[in-house]
Amino acid sequence: MAGRRLPTERAAALLAVVLAALAVVPSVQADENTHVYADKEPVVLWLNKIGPYHNPQETYTYYSLPFCVPEGNFHTRKKYVGIGEVLEGNDLVQSAMTMNFGINVPRRELCSQTLTPEQAETFKYAISQHYWYQLFIDDLPVWGMVGEIAASKEELEELEKDTSHEHAVMPSHIFTHKALTIGYNGNQIIEVNLSSKERRKVEPNVKLVFSYSVEWVPVEKTFAERFNRYLDYSFFEHQIHWFSIFNAFMMVVFLCGLVSLILMRTLKNDLARYATDKEFDGFDRDFGDDAGWKQIHGDVFRRPPHLILYAACFGTGMQMTALVLCVILMAIAGSLYVDPGALISATLVSYAATSVVSGYASAVLYQQYHAPKKGPRWIACMLTTAFLLPTVSLLVVLMLNAVSIYHGTQVLIPLGALVYIVLVWAVVALPLNVLGTVMGRNWGVRTPFPCRVNALPRQIPEQPWFTRHLVIIPVAGWLPYGAIFIEMYFILTSFWAFKLYYVFGFLFVVYLILIIVTGSVTVVATYFMLNHEDYNWQWCTFYASFSTAFYVWCYSLYFYEFKTNMTGSLQLTYYLSYMTTFCFALGLMTASIGTAAATLFVKRIYHDIHVD
Ligand SMILES: *[C@@H]1O[C@H](CO)[C@@H](O)[C@H](O)[C@H]1NC(C)=O
């Protein structure tokens, strides 16, 4: 089943996009952009992808199934869509089902064909895999099934009579008539219903006549409400959702209490000492009696191994944190879900814009471990930060494109779009990264670490079981995971099971909760480690907060197995690659939050210890 895009055509279109610096190229039909139609104005019906219902990433172009092609070469007219829609996998060609605003079309034939044995086999296979297709009218999606496996009463009786087969094979039927009902209000299109009619049995030498009809019905609903029917209120605003948020909120209260308790305990003596300092001139420098964290002041600020990688991961994670915030806020402000591809475009724009954050954050962390001198290898640090996530993503995209080409499905990102993205990255994201690095390196570090690092590292005492890294890391990740996993269920369901995610308010709250819980848990973990005189806290807290993403990844495996009906190696490859990349980015995000919290905490508690 071949049916790939024309790469050169698309590349040319997308290069035009670059040059014009426009997100959307004007489409054939100007009124699709305004959503206002004059009386009897032509309305274009676009054909989008087709594919098995249970495998959302396995999509083909509409005419990759052996449908007869109506006269008029409609299918060669493509709609040039913005980059977001391209990345969503939309590939729209005009359909021959022409119509005019407000004018009913009685049953009109499109084309007819006599099925060859191969065509019949292809259709039978597609119908057995629940192939469905998507149409767009005025940016409103409609879905239809290619056919169904069913039998009428007479056919069933015949099947029962026929004893030559041990297992009766249910016949496949294809729908040959598309009946569209379009609801309009004034001069705007409000809703579209599609019902598939005229079932024909799929067999060789059967003649199929494809047809369509359009009926226009005035409706009361307003234009603003037209997307409401795609939103699954009872699913997204289920009690469970509210309950999980409440639960997570209680966890936040508990953890914040714990952290304040720790801070008070560690800082209390210092506060007391300040009080006495005023009376006695001297400063009590003898920490001999103080067990725990104060003993290791000469080691806690020792540079962690692989500092450049550590800083690069931190910078990228901070960028993810900022990126998610930007996208959520844009989605809340702009109801982005109504516009195909808008969410992905917003993500791309935010990614480019937040590159300044990654440069800044990584430069600051790197510089902090060298202050007051300048860090010597800051360029290596900057480049590692800039290339870390893009390289991983590019490898995944190329791998998935290769897999798609091998299977003959639509590729994940067509070549033209890929070139476009790389160009935007090089022209916008990379310079912003450099800018951030320069700012962070020169002005980001105001105070060096409060304690000098001893020349010789101290021996770390034997640890009790609960401060071993192998215990701290998984335990610390579990709590943030507990706070977000219900939301993960909603996100995964909307991504993999065709539900429009629109509850960005919930997502925002969960995002804040995730930050607070991750930060608090990491502080607690750091405190335990330092109190047991283990000063290798940097990577340990990094992994500890990263491990949340590992749990999400495991959950996604469970989700694949028990909550979806995906099949086939192509879909599995897509699923695993998407989820692994997603969890990698999520992990960097939580790890950077944890690292920031731990670093601030350590800096704060050692702040008042001055050792010559
Ligand atoms: C579309 O279908 C829904 C649900 O069956 C129905 O409520 C609505 O009135 C239909 N709209 C039109 C324009 O036919």
Exercise. Compute the distance in nm between two label points, each set 7 Å from the Cα along the Cα-to-Cβ direction, one at E148 and one at K197.
Key: 1.5
Quiz prompt | Lys/Arg +1, Asp/Glu -1 at C-beta; the chain dipole; positive extreme among I149, V300, L208 | solution = V300
Quiz prompt | Among I460, Y535, A596 the positive-end extreme of the charge dipole of the stretch 458-612 (Cβ point charges) | solution = A596
Exercise. Translational diffusion coefficient, Stokes-Einstein: compute it for the stretch 535-612 using the Kirkwood radius over C-alpha pairs as Rh, at 10 °C and 1.306 mPa s, and state it as an integer in µm² s⁻¹.
Key: 108
Exercise. Taking the convex hull of the Cα atoms, report for the chain its projected area averaged over all directions, in nm².
Key: 34.9
Quiz item: So what's the back-of-envelope 222 nm ellipticity for the chain, counting only DSSP H runs of four-plus at -39500 (n - 2.57) apiece and dividing by all residues, rounded to 500?
Solution: -17500 deg cm²/dmol
Practice problem: Treating each Cα of the stretch 458-612 as an identical point scatterer and ignoring solvent, apply the Debye formula and state log10 I(q)/I(0) at q = 0.08, 0.13, 0.14, 0.20 Å⁻¹. | Solution: -0.29, -0.66, -0.73, -1.18
Exercise. Kindly write out, for the stretch 530-546 in residue order, the coupling ³J(HN,Hα) from the Karplus curve 6.51 cos²θ - 1.76 cosθ + 1.60 (θ = phi - 60°), rounded to whole Hz, with x marking Gly and Pro.
Key: 5, 5, 9, 6, 9, 9, 7, 7, 5, 6, 5, 5, 4, 5, 4, 7, 5
Quiz prompt | Selected from Y558, H469, S64, residue furthest toward positive end of dipole (the chain; charges at beta carbon) | solution = H469
Self-check item: Under 5 Å, built H, 5+ apart or other chain: amide partners of S172
Solution: V202
Quiz item: Quick one: length gained pulling E109 to K221 fully straight, 0.36 nm per residue minus the C-alpha distance?
Solution: 37.2 nm
Quiz item: Pairing the Cα long axis of helix 342-353 with the longest principal axis of the chain, what angle in degrees results, from 0 to 90 and rounded to the nearest 10?
Solution: 30
Self-check item: Using distinct alpha-carbon pairs, which all enter the 1/r mean, Kirkwood radius of the stretch 180-219 in Å
Solution: 12.3
Quiz prompt | About the Cα centre, charge dipole magnitude for the stretch 458-612 (Lys/Arg +1, Asp/Glu -1 at Cβ), debye | solution = 340
Self-check item: Rg(Cα) / (2.2 N^0.38 Å) computed for the stretch 34-114, rounded to two decimals
Solution: 1.26
Exercise. With θ set to phi - 60°, apply the Karplus curve 6.51 cos²θ - 1.76 cosθ + 1.60 along the stretch 171-185 and write out the HN-Hα couplings as whole Hz, x wherever there is a Gly or Pro.
Key: x, 8, 10, 10, 8, 10, 10, 10, 9, 9, 10, 10, x, 10, 10
Quiz item: According to a simple spin-label model (label point 7 Å from Cα along Cα-to-Cβ), what is the distance in nm between V438 and T567?
Solution: 5.8
Quiz prompt | Whole-Hz ³J(HN,Hα) from phi, Karplus 6.51 cos²θ - 1.76 cosθ + 1.60, for the stretch 494-510, glycine and proline x | solution = 6, 6, 9, 10, 6, 10, 6, 7, 10, 8, 6, x, 4, 4, 5, 4, 4
Practice problem: Of the listed pairs K79/K221; K373/K603; K197/K563; K40/K79; K78/K201, which have alpha-carbon separations greater than 25 Å here? | Solution: K79/K221; K197/K563; K78/K201
Self-check item: Unit charges on C-beta of K, R, D, E only; dipole of the stretch 170-225, Debye
Solution: 400
Self-check item: Spin-label model distance (nm) - T391 vs C256, 7 Å beyond Cα toward Cβ
Solution: 4.0
Quiz item: How big, on average over all directions, is the shadow cast by the Cα convex hull of the stretch 341-448, in nm²?
Solution: 7.6
Practice problem: Might you report the magnitude of the Cβ-based charge dipole of the chain about its Cα centre, with Lys and Arg at +1 and Asp and Glu at -1, to the nearest 20 debye? | Solution: 1580
Quiz prompt | Amide hydrogen neighbours beyond the local backbone of L45, cut-off 5 Å, H modeled | solution = S95
Quiz item: Could you give the length gained on full extension between L512 and Y406, defined as 0.36 nm per residue of separation minus the Cα-Cα distance, in nm?
Solution: 34.0 nm
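Read-outs throughout are calculated quantities, based only on the coordinates presented, and are distinct from any laboratory measurement. These figures come from a predicted structure and were not determined experimentally. So basically every Cβ, Gly included, is an ideal-geometry build from the backbone, and we count neighbours across all protein chains shown.
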